[in-house]
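Starting off with a structure, shown below.
The values are calculated or read from the model by the stated rules, or taken from the named source; none is laboratory data. Since we're looking at a predicted model, the values are computed, not measured. Note: ideal-geometry Cβ built from the backbone for every residue, glycine included; neighbour counts use all protein chains shown. Side chains are part of the model used for accessible areas, which takes the heavy atoms of the whole protein and leaves out ligands, DNA and RNA. Shrake-Rupley method; radii C 1.70, N 1.55, O 1.52, S 1.80 Å.
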Amino acid sequence: MNQAQAAAIAAEAKKRVEAQEGAGSTKAGWLMIVALLLESWDSYSMAFILPYINTDLNPSAMMLGFAAAGVHIGGLIGALLGGWATDRFGRRRIFLASMIMFIVCALAQGLAPNMLTLAIIRTIGGIPIGCDVANGFTYMMEVLPKGKRETMANRWQCMYAIGTMLSVILVTILQFINLEANLLWRFVLMFPAIPGIILLLMRTELPETPAWLLDRGKFREAKAASRVLYGDLLDDLPDTNVPMRSPTIGEAFRDVWGDRRRRNVTIVGMVSNATQPAEWYAFGFYIPLILVSFGFTTQLENNLFLIGLSGLAALSGFVGPVILHRIGHKGLLQAGNFLTASGLFVASYGIYQAQTLIVALGAAIVVWGHYWGAQSGQTIVTVVAKPKYRGVSSGFAYAVTKTSAFLLTMAAPAMFTLLGVPKAAMLTAIFPLITLFLATFVLKEVYGHTEQELPVRADNQSSSPSAGLDVGGRAVAAGE
């Protein structure tokens, strides 16, 4: 058997895998998406324990900022490295390695003797976070059937909100029992290692994805992995492996850029990934003003408000995937970014008028809209990429997110100081408006997308999920 024949066999087998949901595939999807809860805990818990770190280690302002923002630098490196590595070495090796590294870094940062060590560990600790996001999205796209894989992947924002909420709850409990500052921040940073170990043990049961194995001509291993996820679906594959060459990063980009639909979807997804952290990190800088306008002065009152805000975010993150099969990625991006921009205008007006209720209403709209608008960017970039370079595409998409998060973390204070909070909040609205424009005029619906690029409907109803599934999520013939 030559490589051309092996490639044809692999392509036919991948069609069957894309259309199949196995008993093990849904569990595998959850084991990927739940990891984002731990990673959001690690990324955002720092904001709630900075006062205790400041009391215990007495760092400089620059070192404190480095410790807070370093995780984004590590995440950027991890996304690029992990995306390449998952395509080169396989999904399973990377999701196990990244979780082990995450556990080690979580334990190490809680034992840091000084601020410089803590900042370095947190930067290194961002690497497995970026790796796991790039790898996790790739894995979900290859073990779940079309439609359900997008729904599972879009739950990532719900996981992030829950992780943030749980970290605030833990900090509040530790404050209530008057745990000493030098123990409180260490415990909060180390705690994710416990569920991380449990998740690692559960992940060891997961196989490599059949799609990755098929693209490498590893037919024997693909059959074995398929039995774990789908039963005997691929038992008719040859028993002989045919080594296949892995594509280079340059070939991956040329392939994406050479297909108009794939290119446009990737551009929209990348822009969405860039704008969603920009609007969120800017929004975070007037949360203290909202708290003051409510008359909250104690740490407990502030934490309770943040718990409520995270709860609203989690609810929005839960509802988005539920309605995805009805409005598609296009509709979710449109609705989410419109609400985010509207909320920023409302909040900035309330701040300017010193009207507490208007500020609160604007903040609630921003939170709800953001957790809808931020869901689909990473998903659509990953789902339209071919399996042989899907990790690279996913990694670059998340690298854009971490780059934007780092830059806005550094730039937002100066912007708010220079312009003032109301004007800066209004200026921030440009980010969701850019994504709204692209989602409306550039994006073609890709809900239910397959690697074989189903034709777009003749009536071009791109606002509904028409590529392979109807609005109720039922399979339809191409062009039906």
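Select one label from (1) 39, 27, 18; (2) 33, 31, 22; (3) 31, 25, 24: the one whose number is semi-axes √(5λ) of the Cα gyration tensor in Å as derived from the coordinates shown.
Of the listed options (1) 39, 27, 18; (2) 33, 31, 22; (3) 31, 25, 24, (1) comes from this structure.
Now for a separate question. Below 8 Å, C-alpha to C-alpha, sequence gap of six or more: please give me the relative contact order for region 1-124 in percent.
31 percent
Continuing with this model, one more query. Which value in nm describes the separation of the simple spin-label points at Leu407 and Phe187, placed 7 Å from the Cα toward the beta carbon?
Taking the simple label geometry, Leu407 and Phe187 are separated by 4.0 nm.
Further question on the same structure: Toward the positive end of the charge dipole of the chain, about the Cα centre and with charges on Cβ (Lys, Arg +1; Asp, Glu -1), which of Phe102, Ile197, Ala7 goes farthest?
Toward the positive end, the furthest listed residue is Ala7.
Report, in listed order, any pair from Lys423/Lys444; Lys14/Lys444; Lys15/Lys148 with a Cα-Cα distance greater than 26 Å.
Table pairs above 26 Å Cα-Cα are Lys423/Lys444.
Quick one: net charge around Gly163, please, counting Lys, Arg +1 and Asp, Glu -1 for every other residue with C-beta under 14 Å from its C-beta.
-2
Another question, then. Per residue, how much accessible area does the chain show when a 1.4 Å probe rolls over the protein heavy atoms, in square angstrom?
39 Å²
Can you give me the solvent accessible area of Met165 with a 1.4 Å probe, rounded to the nearest 10 Å²?
Per-residue accessible area (Met165): approximately 40 Å².
For Cα pairs less than 8 Å apart in space and 6+ apart in sequence, what is the mean separation divided by the residue count of the chain, i.e. the relative contact order in percent?
That works out to 22 percent.
Taking the Cβ of Gly75 as the centre, find all other residues whose Cβ is under 13 Å away and add up their charges (Lys, Arg: +1; Asp, Glu: -1).
Charge balance in the 13 Å sphere: -1.
How much net charge surrounds Gln109 when only the other residues with a Cβ under 9 Å from the Cβ of Gln109 are counted, with Lys and Arg +1 and Asp and Glu -1?
Every neighbour counted, the sum reads +1.
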